[in-house]
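First the structure, in the form of structure tokens, and then the observations on it.
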Amino acid sequence: QTAFRNKTRTGSTRYDTMKPSSTTASLLLLLLLPPPSLSFPSIPACHPCSNINESIRRGRPDTNHQKPAIPNFERKKWQQQRQRRARTPATHLSMCQLMGMNCAALTDFSFSFRGFVRRGGATDVHSHGWGLCFYDGRGLRAFHDPNPASESPLAGFLQEHPVKTLNMVSHIRYATRGEVKLENVHPFQREMWGISFCFAHNGDVSSFDRTQFAANEIVDCPSTNAPKVNRINKTGVKIPWIGRSIGVEDEGGQRPYNPIGATDSEAMFCAILNALRARFDTLPTLPVLHAAVQSLCNEIVALDDERGGTTILNFLLGCGSHVQLAYSWPGAREGSSVWNGLHYLVREPPFGSAHLSDCDYTINFATVTKEDDRVAVIATAPLTDDEDWVEFKRGQLILFDDGLPHTQADECYEAELRMHGLDSDSDAIPPAPNLDVDMRRYELRRDFFQGAAI
């Protein structure tokens, strides 16, 4: 008697058995015959066992048929075939995926990360590397791997050994710009103003294509680029300067921050930092920072449109231990059915249960949280199938702090009142001025914070 083991949604184990139908007479006959050579023919598509791969892929039991016994080596072969299919470039032109988390109290990210890494080669095609950054005080811990997240021992280690943080950014890669190498794996990190910034991006911003300012070296990628992007790559245009929207011109061509890898994402990250560094001579307060980054995003979209690009721009920007900025200009590649945007949710008391979309795993947050816990989770596509996720509006920049979304620059004063503004001990730049002074200096409205004891 053989058994097929199947995990149910509640985590219990069920054994479906098949009893042999052979009789005693047939057994005796088999003993008298010479031993045949053993072979296991491939299972046809109509066989009830042919749906098992689909059941495994979805992470849920298939209740439409009885589970027959599967030889271990056959099961392994089917799993390898499924993994190869997952790593094959998709005809629907996929993109990378993002995940971020921002918290009111130190929280581990193992639940959401468990489902997210499944998309890195198991339930989806994003198998060209993964990375994760989380803040530990003012320090930034970074993990990068050019291999599929679903097969990575390092990703498995982070799932099985939960670590707590207030702010984290993660990324799984589907390569469209740059080869599958470690230097092209997000999130990217840079120090500015004595603060560690990290950045992860999903989309296409052709005006920042690295091949335009790297000797026109066009590198073959595992994925398929849009035809417009390929034409633009041949123009040889240098990396554009952004900052005019916040009053900064490209004087002398100074670029303190430069990309290491070959992605448009890292080039854009460096351009944003170059513009912010040139603009501010003191640490900006959070309302001013939000307004400046929003202007830079608008400038990037307009610039890409001028050059004939099809802009899809979604990113997460970690700005120290408390604050994370998330921006979305969603879209789909030409001929693609995959929509690339951003979604978020906020988990706060009273807590309930949540079930992951990419694997059969449920947790009751009421049993593992405290009253002061609150967590905002940001993702390209919802990570759970039983919670209400909010999709970003086109062109929307949200500042997350203390597990709360702040959708306008005016709202970010609340984070300043919580003493969660940009914090640096560096002598390279003076501290942020009084919030009232800073906002008047950069011509933001005052009426919203009058009477708020500022």
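The values are calculated or read from the model by the stated rules, or taken from the named source; none is laboratory data. These numbers come from a predicted model, not from an experiment. A quick note on method: Cβ atoms are made from the backbone with ideal geometry, for glycine too, and the neighbour counts reach across all protein chains shown. In case anyone asks, the SASA skips ligands and DNA or RNA and just uses the protein heavy atoms, side chains included. Shrake-Rupley method; radii C 1.70, N 1.55, O 1.52, S 1.80 Å.
Using the average count of surrounding beta-carbon atoms within 10 Å as a protection proxy, the listed peptides 283-295, 427-439, 387-399, 406-418 rank, highest first, as 283-295, 406-418, 387-399, 427-439.
Against the empirical 2.2 N^0.38 Å (N residues), the stretch 113-185 has a Cα radius of gyration ratio of 1.08. Considering only Thr310, Leu345, Val368, and ranking their Cα positions along the charge dipole of the stretch 299-379 that arises from unit charges at the beta-carbon of Lys, Arg, Asp and Glu, the one farthest toward the positive end is Val368.
Over the stretch 99-147, the alpha carbon radius of gyration divided by the compact-protein estimate 2.2 N^0.38 Å works out to 1.27. Shape annotation for the stretch 305-454: C-alpha extents along the principal axes are 51, 51, 33 Å, from largest to smallest. Taking the Cβ of Pro162 as the centre, find all other residues whose Cβ is under 12 Å away and add up their charges (Lys, Arg: +1; Asp, Glu: -1). So the environment of Pro162 carries a net charge of 0.
The length gained on full extension between Arg141 and Arg307, counted as 0.36 nm times the residue separation minus their Cα-Cα distance, comes to 56.1 nm. Any idea what % of Cα-Cα pairs in the stretch 343-388 are farther than 16 Å? Distances greater than 16 Å cover 38 percent of the Cα pairs.
Per residue, the stretch 346-386 exposes 46 Å² of accessible surface when a 1.4 Å probe is rolled over the protein heavy atoms with every protein chain present.
The charge dipole of the stretch 358-415, taken about its Cα centre with unit charges on the Cβ of Lys, Arg, Asp and Glu (plus for the first two, minus for the last two), comes to roughly 220 debye.
Of the peptides 310-319, 162-171, the ranking by mean beta-carbon count within 10 Å, highest at the top, reads 310-319, 162-171.
Full extension of the chain between Asp436 and Val390 gives 13.4 nm of extra length, using 0.36 nm per residue less the Cα-Cα distance. Per atom type, the stretch 259-380 shows carbon and sulfur on 49% of its accessible surface, probed at 1.4 Å.
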